[in-house]
Amino acid sequence: MISQEKRKNIITAVNKITYGLYIITSVDKDGKPNGQCCNSLMQITSAPVRVVAGINKQNYTYELIKESNEFAINFLNKEQIEYITLFGLKSGRTVDKFSGKKYHNYSIKSPVLDDADAYLECRVIPELTADAGTHAIFVADVIDGKLVREFEPVTYDYYKMQRIKKEKNNAGI
């Protein structure tokens, strides 16, 4: 068993791993879209182009990806931090996250947000999906994508710093 102090030290160090925040989208069997905020994403191979996404098995998006074997990755910029609240702090089981949001479908049914700065459309390779305890690791072929415009991606660290600033401002500090 790890002591609380050691756990705190480990988490502080782990938080220095650099990674972005993305909106991962998928659809249910009737084509209804849902999405979630994801920070566990990386390219794993370049030929073929494949990515790996870690998705919490309690999330509704996990169920949709398992069912559809596809997902889209929507890249955010630093001006789109409000998407993190919508897609990261609410459940698609109770909230229509796409209400009022404009999106398109390109090569797959999973939605691409119209204001995404870049996107990738991915087809899951079911036999390469791995159980990682609380999360599933989906390995997927990238079948389409585009850099829509140059941008500076939002990172988890940037999001946390903005949240801390907002909390201090709200507290009058």
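The values are calculated or read from the model by the stated rules, or taken from the named source; none is laboratory data. Given the structure is predicted, the values throughout are model-derived calculations rather than measurements. Reconstructed Cβ throughout: ideal geometry from the backbone, glycine too, with neighbour counts over all protein chains shown.
If you check every pair at least six apart or on different chains, which have Cβ atoms under 8 Å apart with a residue in region 147-173 that is in contact (Cβ under 8 Å) with a residue 60 or more places away in the chain first and a residue that is loosely packed, with under 10 Cβ neighbours inside 10 Å and among the hydroxyl-bearing types (S, T, Y) second?
Pairs that qualify, where the first residue is in contact (Cβ under 8 Å) with a residue 60 or more places away in the chain and the partner is loosely packed, with under 10 Cβ neighbours inside 10 Å and among the hydroxyl-bearing types (S, T, Y), are T155/T18; D157/T18.
Scanning region 88-114 for residues that are loosely packed, with under 12 Cβ neighbours inside 10 Å and over 14 Å from the mean Cα position of the chain (by Cα), which turns out nearest to L76 (Cα to Cα)? Before you say what the answer is, go through the steps one by one.
The initial filter retains those residues of region 88-114 that are loosely packed, with under 12 Cβ neighbours inside 10 Å, namely 89, 93-94, 99-100, 102, 104, 114.
Okay, now just the ones that are also over 14 Å from the mean Cα position of the chain (by Cα), so 93-94, 99-100, 102, 104, 114.
On the way: R93: 23, T94: 24, S99: 18, G100: 18, K102: 15, H104: 16, D114: 11 Å.
Ranking the qualifying residues of region 88-114, first place goes to D114.
Scan region 129-150 residue by residue and report those that are farther than 12 Å from Y119 by Cβ and not aliphatic (A, V, I, L, M).
Selection gives T129, D131, G133, T134, H135, F138, D141, E150.
Condition (residue is of a type in the set (S, T, Y), in contact with a Pro (Cβ under 9 Å, 6 or more places away or on another chain) and buried (at least 18 other Cβ atoms within 10 Å of the Cβ)) applied to region 25-40: is it met by at least one residue?
The answer is yes, given that some residue of region 25-40 is of a type in the set (S, T, Y), in contact with a Pro (Cβ under 9 Å, 6 or more places away or on another chain) and buried (at least 18 other Cβ atoms within 10 Å of the Cβ).
Among what's in region 147-159 and is among the β-branched types (V, I, T) and not in a strand (DSSP E or B), pick the residue that is farthest from Q43 (Cα to Cα).
Once the filter is applied, the top-ranked residue is V148.
Could you tell me whether any residue of region 65-79 is at pLDDT below 95 and surrounded by 14 or more Cβ atoms within 10 Å (Cβ to Cβ)?
Checked region 65-79: at least one residue is at pLDDT below 95 and surrounded by 14 or more Cβ atoms within 10 Å (Cβ to Cβ).
Since D144 meets every condition but one in (1) farther than 17 Å from L21 by Cα; (2) not in a strand (DSSP E or B), which condition does it not meet?
For D144, the failing item is (2).
Using the structure shown, decide if D117 is modelled with pLDDT of 95 or more, crowded, with 19+ Cβ neighbours inside 10 Å, of a type outside the set (A, V, I, L, M) and more than 13 Å from F71 (Cα to Cα).
In short, yes.
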